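Reviewing the structure listed below.
Read-outs throughout are calculated quantities, based only on the coordinates presented, and are distinct from any laboratory measurement. For clarity, every value in this text was computed on a predicted model and none was experimentally measured. Cβ placement follows ideal geometry from the backbone for every residue including glycine, while neighbour counts extend to all protein chains displayed.
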Amino acid sequence: MLGVRVSPPAPVIPTDYTDLIPFKLLNCATLKMPDMQNVFPSLMKASRRSLYFPFSLGHFANDIVPCSVVVLAPAIAMEMGLNPMEVGLLLTLHSFGSALGYLPSGLLADSFRNRGNLLMLTFWWVGLGYLFASWAPGFWSLALLFALAGCGDAAWHPLATAILVQSNPQNRGQALGLHAIGGTLSAVIGPVIVGVLLASMDWREALQWLILPTLLVGVLFLWIRKWVPEQPQRKAFSKEDLQHLWKTWTKKRGLLIICLISSYHMSLVALMSMIPLYLREFHGLSSAMTGLAFGMMVLFGAFMQPLMGRLSDRAGRRRVIVFGIATAAVCAFMIPVLENFGLLSMIIMFLLIGVGLLEGVRSSVLAAAVEFTGSREGTTLGFAFTLMDGLGAFGALLAGWAAGIQFSHAFLLAGILCSFSLILCFSVSLRSASLENPI
């Protein structure tokens, strides 16, 4: 209308001034630093996984000498004039020393802040222990030093595995399986190296050469120990913790899981302990062919552990454990049948599958034990390793007794132990008390 002055519209003042700020200034002045864990989850994940290879390497370096002692034993016996019973006692004391190291190491893994230093010390404990053993003048000094060195090797396992499962709790089975590869490879490579060394030197020199990988990796861990994350300070293991641990494992469910772990490992030891003797003595394979066949079985088990561990992280512990043990039981029961038809190649194939799958579920069994307690991972793993290498070792004794009647009976025994483990697996709940989903 005439005479009426219309005011121009008021300017719109932006409420977000960041549109007017250059990008560089915006990034530096107006935004908070982003959460790196949200922005780069893959980078953080890779950082965690960077421990897998050094820990598997450390497992290999610590286990290579203990896994080779059984091959050194005949040469030791010849030099010292030991009878078979004394050789057996020497190996038993060596294993007993290892069993003593698991649980204390597990307790330290749950209460010590800087565990990287402890891991580094295990290499020097093992290396120097076996070096002193190479200078032992007699049987008892050698047995004592073997036991002490074996205890140092045992100390590595609960420490390393506890760090891995705490760093990646959603993939415990896979973490334990990847760690196990190093130990299994040492059981294959170590005896071969010893066999080569003994062809040109005595057992003392061979032992001194064999500890070099252990000491070299010990030097490497002077740097790698800094990669190990420090855990929040926990209260030292107390009387109340001991009572809680005792109460947890002495309940019906805890006792059933103890029986499951022990019977599972007894079946594995019973199956594996007689295979070389069975192929060499009963089927007449050469030493080289026997070693090749047995080495392939062990290697297959080594590479199955991380795969089956990862599968158990996704599909559930019980399904994977049942599948592995049930398949191994079928393979073990098939050996006498195939033997009647003289099908050696089929026997080796079934043993390969049986050993591989039975060894493969080891990481799943250990992960189930950790999830049963829900805390104190190092202590739990130390206890589980003690059961496996302690009670589980009787599988070799039982298999030897069965093979004394007839070789194929050793595999029937392994199948029976597998069947017993299956019954226990269905009888006990593998559900974590702190989780709602079955494991």
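Legend: Rg and Dmax of segment 282-337, from Cα coordinates, 14.7, 43 Å.
Counting only Cβ charges, +1 for Lys and Arg and -1 for Asp and Glu, the dipole size of segment 246-431 around its Cα centre is about 820 debye.
What's log10 of I(q)/I(0) for segment 168-304 at q = 0.09, 0.10, 0.11, 0.22 Å⁻¹, Debye sum over Cα points only, no solvent? The calculated log intensity ratios at q = 0.09, 0.10, 0.11, 0.22 Å⁻¹ are -0.51, -0.62, -0.74, -1.33.
Diffusion coefficient of segment 246-431 by Stokes-Einstein, Kirkwood radius over Cα pairs, 25 °C, 0.890 mPa s: 148 µm²/s. Going by neighbour counts of Cβ atoms within 10 Å, the residues 327, 250, 122, 161 line up, fewest first, as 250, 327, 122, 161.
Rank these for me by crowding, 52, 102, going from fewest to most other beta carbons within 10 Å. Walk me through the numbers on the way to the answer.
Values: 52 20, 102 27.
By the 10 Å Cβ count, ascending: 52, 102.
Put in order of Cβ neighbour count within 10 Å, fewest first, the listed residues 389, 110 become 389, 110.
When peptides 125-135, 221-231 are ranked by their average number of other Cβ atoms within 10 Å per residue, the highest-first order is 125-135, 221-231.
Both radii come from the Cα set of segment 50-231: Rg as radius of gyration, Rh as Kirkwood radius; their ratio Rg/Rh reads 0.99.
Note on segment 367-414: Kirkwood radius taken over Cα pairs, Stokes-Einstein applied at 37 °C and 0.692 mPa s, translational D equal to 265 µm² s⁻¹.
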